[in-house]
Amino acid sequence: MPAGLLLAAGAGRRMGGPKALVRLDGRPLVLRAVDVLRAAGCAPLVVVVGAAAAEVRALLPADVTAVEAPGWADGMGASLRAGLAALEPLPGVTAAIVHLVDLPGVTAAAVARLAASGDTPAALARAAYDGRAGHPVLLGRDHWAAVAGAATGDAGARGYLAGNPDVVLVECGDVAEPDDVDTPEQLARRGSALESGS
């Protein structure tokens, strides 16, 4: 299985605090996301922290590696670069599933389906929802240097993936939801959906 790389460094300005620490159904989003990656079989697990790094780090299980992103406040690009740099020296890691902390609708089933599309150095795939590309993303090791070079601001891997003919879309709309939670109102709606079982 690919490694699991969770980006959880943001300050969550619209949320009123770091999303990693926000609780949904009583559990911090960072732990919910770690649970999803673990349940899908991803290993090793790396979480990129930034805002409230010490608090987020203190929540993580002992087998999860926390990496603080220099310049995390500049956007997702800095977090992605830090995460890939942390995975680079690890032997046997040929690919990584990149997941975002603010996507509570992404399930282990979606991550496992994406991982099954290919755990190889050349792998390049994205979860899709009704045919539209979304997250998580599968990045084979062969792409890491180029992705890191293109990851600036809040774009993450978007520029590298856009229009890349090698990207495989893996439909996950039947097992997951792509919506992020950026505000307390969105979080409350997500919590209501959980309670209703949808």
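The values are calculated or read from the model by the stated rules, or taken from the named source; none is laboratory data. If you're wondering where the values come from, they're calculated on a predicted model, not measured in any experiment. Cβ coordinates were reconstructed from backbone atoms using ideal geometry, including for glycine residues, and neighbour counts include every protein chain displayed. Protein only, heavy atoms only, side chains kept; ligands, DNA and RNA dropped before computing areas. Shrake-Rupley method; radii C 1.70, N 1.55, O 1.52, S 1.80 Å.
Per-structure values
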read-out	value
Segment 115-189: Rg to Rh, with Rh as the Kirkwood radius over Cα pairs	1.02
Fraction of accessible area attributable to carbon and sulfur, the chain (%, probe 1.4 Å)	53
Rg over Rh, two decimals, segment 1-102 (C-alpha only, Kirkwood Rh)	0.94
Segment 1-116, relative contact order [Cα under 8 Å, separation at least 6], %	37
Among 24, 87, 37, residue whose mean-square fluctuation peaks in a GNM of the chain (springs only between Cα atoms under 10 Å)	24
Segment 101-198, relative contact order in percent, only Cα pairs under 8 angstrom and at least six apart counted	35
Cβ-based net charge around residue 168, under 12 Å, with every Lys or Arg adding one and every Asp or Glu removing one	0
Selected from 80, 103, 90 as most flexible by GNM, with the chain as the system and alpha-carbon contacts under 10 Å	90
Nearest-0.05 FRET efficiency for residue 189 and residue 1, computed from C-beta distance (R0 25 Å)	0.20
Alpha-carbon centroids, segment 15-40 and segment 120-180: separation in whole Å	21
Accessible-area ranking of 72, 144, largest first, probe 1.4 Å	72, 144
Cα-based convex hull, segment 1-45, per residue volume (Å³, whole number)	64
Reciprocal mean inverse distance between Cα atoms of the chain - Kirkwood radius, Å	16.5
Where the chain is the region considered: accessible area per residue in Å², 1.4 Å probe	44
Dipole magnitude of segment 1-46, debye to nearest 20 (Cβ charges: Lys/Arg +1, Asp/Glu -1, about Cα centre)	200
